[in-house]
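Taking it in order: structure first as C-alpha cells, then the write-up.
The values are calculated or read from the model by the stated rules, or taken from the named source; none is laboratory data. Keep in mind it's a predicted model, so treat the numbers as computed, not measured. Backbone-built Cβ (ideal geometry, glycine too); neighbour counts: all protein chains shown. The area values use the complete protein model at the heavy-atom level, side chains included, leaving out ligands, DNA and RNA. Shrake-Rupley method; radii C 1.70, N 1.55, O 1.52, S 1.80 Å.
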Amino acid sequence: MEMKKSRKIILTVVGIIVAIYTLFPFYLVVMNTFKNANNIVADPVGFGGVSVSQLMANLSAVVNNSNFNFWYAFGTSAVITILSLVLLALFGGMAAWVICRNKTKWSTVIYMTFIASMIIPFQVVMLPLISTFRDVGQFVGLSLLQSIPGIVFAYCGFGGAMTVFILTGFIKGIPYELEEAAAIDGCSPEGTFFRIIFPLLAPVITTVTILNGMWIWNDYLLPSLMLGQNGKVKTLPVAVQAFVGSYVKQWDLILTAALLAIIPMVIIFIVAQKQIMNGMVEGAIK
Amino acid sequence: MASIRFKNVTKTYPGASSPVVPNLNLDIKDKEFIILVGPSGCGKSTTLRMIAGLETVSEGELYIGDRVVNKVPPKDREIAMVFQNYALYPHMNVYKNIAFGLNLRKEDKNEIDRRVHEAAKILDLEHLLERKPKELSGGQRQRVALGRAMVRNPAVFLLDEPLSNLDAKLRATMRTEIARLHQRLDTTFVYVTHDQTEAMTMGDRIVVMKDGIVQQFDTPQVLYDTPVNLFVAGFIGSPQMNFIDTVIQKENDKLYAVAGKNKLAIPKFKWEALAPYVSKTVVMGFRPEDFLTEDKRTKDNSMSVEMSFSELLGADYNLYMYLGETRMTVKIPATGKRPEKGPYEIAANMEKAHFFDPDSEKAITH
C-alpha cells in the first residue's frame, strides 16, 4: 500500500514536470502577447509590462497589418486544412477498407509501403519533393507549387500513411458479416462503403482528422517550401514571417499572430480530446 | 417457386489442396424447412453461403427455382439471410435496419413503413423501433435480424446458426418462434446449426454433413430411427447412441450378439441382414432410451454392467455405466429407486438395436 502511494507521488511529480516543460513555450507565447516589444526583450519570462490594453493593441496591429493580411492567411490555412482533411478521410478510408478486405499479397505490399513511408523523415524528402512537384507540374501543365491544390495533394500524401494505418486497425474490428448483409440487402461495393463502413468509421475518422488537422494547420516547413515566403498563397504560420525582418524582429506581433494561429486548434483540441482518446483506444483494441 | 438444387456442386477455396464441399447433390423442395447439420468444418456454412451468393461455386450448377444462380449476385437471388452474430447495422436504429433493403430497392415510402410495422408487430418489436442495436438484448437483436429478412418477402430464407449466441432458455423460445415464422411465411427455409436438438425439433428434413459430404438427407424421425452410418447414429440424438463391439454368434439356428459375458438374442427380423457377419465383430448401437424396465428383463436381453453414477432429470434418470471398457448412457423413467453405484443388470430392447459394419461404418440393420 505504502509502495503504491509513494509510486503515485513520484508519477504525479514527473507528470507535473513534463507538463511544465511542455507548456512553457505556450506560456511564453501567451504571456508576451500582453507586452510591447521592449518589455518582451527586457523580461521575456516574467510579468513585467503585462497589460490587457497592450494585448488589444497587439491584436489590432496584427489583424490590420497589410503585409500580414491576417484574414486572407487565415482563410488560406482553413481551405488547405479542410480540403486536405476531407480528402484524407475519404481516400484514407477507401484505401484502408480495400487493404483490409481484399487480402492479397499486393494488398500486404501496399500496406507495408504505407507503413514504411511513416518512418522516412520529411526533411529527407523535402527537396526532391519540391523539384518533383515542379517537374510534374510542368509536365501536366498545372502549377503544383505556389498553389492550394498542389499543397493539398502533398498533405494527402504525407498524411495518408498514418490515416490508413489507424483506419486499417479499426476496420479489422468491423464484422465482415455487416458487408455481407449489405450485399444481400442490395448494396453495391460503393454503397457498402458510404452507407455502412464510412458511418462506422466516424469515431476514428474524427480522431485522425483532429490529429492531421493540428499538424496541417500548424505546419510551417512544407508550406514555406511549396508556397514560398513571397508567394501569393500564404498559410498563417508562413504569413507570420512578415514580422521577421533582416534586422528587426517584431516579437510582440510575431507572438500575437502565433497566438491567433494557435487558438482555433486549442479550442478544437479541448472540445474533442475525449473523442481523440476514444478513437485511439478503439483502434488499438479492436 | 423457390426450390434449391445442387447439381454436382464442388467448392474449393483458393490455394486449398482439396475441396471443402466435393460433388454435392441436393434437392430442396419449395417451402421446405431444411436443416444443415454437422460438426465444425463439415461444409454446412459454406453450402449455405453458396446459396446466398457469398461464396462462389467452383464446379457444378446451383439452381434457385429453375434458374442457375452460379453467377447471380446475392441481391438478385431473392434470398434473405440471418447471420450468427445478427449483422445489424450499428449506426442505424431498428426501423432503419429493417427498412434498409427496401430503401435500397427504392420501394414506396408508405409501403416500406407498412411492411416494417407489420414485421415489427409479428416479432413484438414495435416499441423498439427507435432503438439502436446496442440498446437491445440478444433475443431482441435476433428478432430484428429476422425482421430485416422478413420484410423483403424472400423466396428463400437462410439462417446461419442464428441461435448460437443466445442462452439456453431464449434459444428454446426463439426455436419455436422461427418454426412459427416458417409456417406463417410459407417459404423455403435453410437453417445451419451444429446443435442436433435444433435440427431435430425444427426441420422438415435434415441434411447431416461430414467433411463436405452429405451423410444422410431425410426427416428427423428417419434419421433417428434408421441412421445410415455410425456418424449419423452418433451425431443425431442426445445423449448420443451407445456403441458396443459385439461378435455375432449362431447357436441352434438363432443369432446372438455377444459382448464379453453378455449374450443377447437378436430378433428374427434382423437375422437375414446379419447372416454374413456370423463369427465377426460388428458395432451394436442402442439409443439411451432403448432399454427395458426391470420386469421385462430376461436372460436373452440382460447385460451386466458397472454403474458409475446417475443424474436425475426430473422425469427420468440418466444412468452412466460401463460395459467392460465401453461407457454407456441409459435413460430410464425416474419412477423406481435410484440405481446405486456398483454391479447392475440392465435389459436391452433388442428390437431397437442397430448394427453397423465396423469397417465401412455403414448400417447393417436397424
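Per residue of A:173-181, how many C-beta atoms from partner chains lie within 10 Å of its own C-beta, taken as a mean?
Other-chain Cβ atoms within 10 Å of each residue's Cβ, averaged: 6.
Quick one: which of B:77-87, A:262-272, B:257-267, A:152-162 comes out on top by average Cβ neighbours within 10 Å, and what's the full order, highest first?
Going from most to least packed, we get B:77-87, A:152-162, B:257-267, A:262-272.
Among DSSP beta bridges whose residues both lie in the protein assembly as shown, state the antiparallel percentage, nearest 5.
75 percent
For an R0 of 30 angstrom, estimate the FRET efficiency from the Cβ-Cβ distance between residue B:222 and residue A:188 and round to the nearest 0.05.
The value I calculate is 0.10.
Give the relative contact order (percent, whole number) for region B:166-281; include only Cα pairs under 8 Å separated by 6+ residues.
In percent, rounded to a whole number, it is 14.
When ligands, DNA and RNA are left out and all protein chains stay put, how many square angstrom of accessible area per residue does region B:253-301 have with a 1.4 Å probe?
56 Å²
Can you tell me the orientation of helix A:176-185 relative to chain A, as the angle in degrees between its alpha-carbon axis and the longest Cα principal axis, to the nearest 10?
On a 0 to 90 degree scale, this one is about 70.
Can you compute the FRET efficiency between residue B:137 and residue B:279 using 1/(1 + (r/R0)^6), with r the Cβ-Cβ distance and R0 = 45 Å? Round to the nearest 0.05.
Computed FRET efficiency for residue B:137 and residue B:279: 0.15.
With everything on Cα atoms, drop me the angle between helix B:138-150 and the longest principal axis of chain B, reported from 0 to 90° to the nearest 10.
Value to nearest ten degrees: 60.
When the Karplus curve 6.51 cos²θ - 1.76 cosθ + 1.60 is applied with θ = phi - 60°, which whole-Hz ³J(HN,Hα) does each residue of region A:230-247 get, with x for Gly and Pro?
For region A:230-247, the Karplus curve yields 10, x, 6, 8, 9, 8, 4, x, 6, 5, 4, 4, 4, 8, 9, x, 5, 10 Hz.
Please build a GNM for chain B, connecting alpha carbons under 10 Å apart, and tell me which residue among B:101, B:15, B:41 fluctuates the most.
B:15
Just counting partner chain Cβ atoms within 10 Å, what average do the residues of peptide B:104-111 show around their Cβ?
Going residue by residue through B:104-111 and averaging, the value is 1.
Assuming R0 = 35 Å, can you tell me the calculated FRET efficiency for the pair residue A:23 and residue A:135, based on Cβ-Cβ distance, to the nearest 0.05?
Result of the calculation: an efficiency of 0.20.
How much accessible surface does residue B:61 have with a 1.4 Å probe, in Å² rounded to 10?
About 70 Å², rounded to the nearest 10.
Using per-residue counts of other Cβ atoms within 10 Å, averaged over each peptide, order A:68-77, B:190-199 from highest down.
Ranking, from highest mean packing down: B:190-199, A:68-77.
What shape does the protein assembly as shown have by the C-alpha gyration tensor, where a ≥ b ≥ c are the square roots of the eigenvalues, rounded means a/c under 1.5, and otherwise prolate means a/b greater than b/c and oblate the rest?
The shape class here is prolate.
For the pairing of chain A with chain B, what total accessible surface becomes buried, with a 1.4 angstrom probe, in square angstrom to the nearest 100?
1600 Å²
Of the heavy-atom accessible surface of the protein assembly as shown (probe 1.4 angstrom), what whole percent is carbon and sulfur?
58 percent
Which whole-number value in Å² is the accessible area per residue of chain A, probe 1.4 Å?
55 Å²
Under a Cβ-Cβ cut-off of 11 Å, what is the net charge of the residues other than residue B:81 that fall near it, where Lys and Arg count +1 and Asp and Glu count -1?
Taking every other residue near residue B:81 into account, the sum is 0.
Pairs to check: B:7/B:280; A:35/A:232; B:75/B:96; A:172/B:96. Give those whose C-alpha atoms are more than 28 Å from each other in this structure.
B:7/B:280; A:35/A:232
Would you mind checking the tilt of helix A:148-172 against the longest principal axis of the Cα atoms of chain A, expressed as 0 to 90 degrees and rounded to 10?
The two axes meet at around 50 degrees.
Note every residue of region B:70-93 with a reduction of at least 20 square angstrom in accessible area, all protein chains present versus the isolated chain, computed with a 1.4 Å probe, or write none.
For region B:70-93, once contacts with the other chains are taken into account, B:74, B:75, B:83, B:85, B:87, B:89, B:90, B:91 lose 20 Å² or more.
Restricting to bridges with both residues inside region B:225-339, how much of the DSSP beta-bridge set is antiparallel, in percent to the nearest 5?
Antiparallel bridges: around 95 percent, rounded to the nearest 5.
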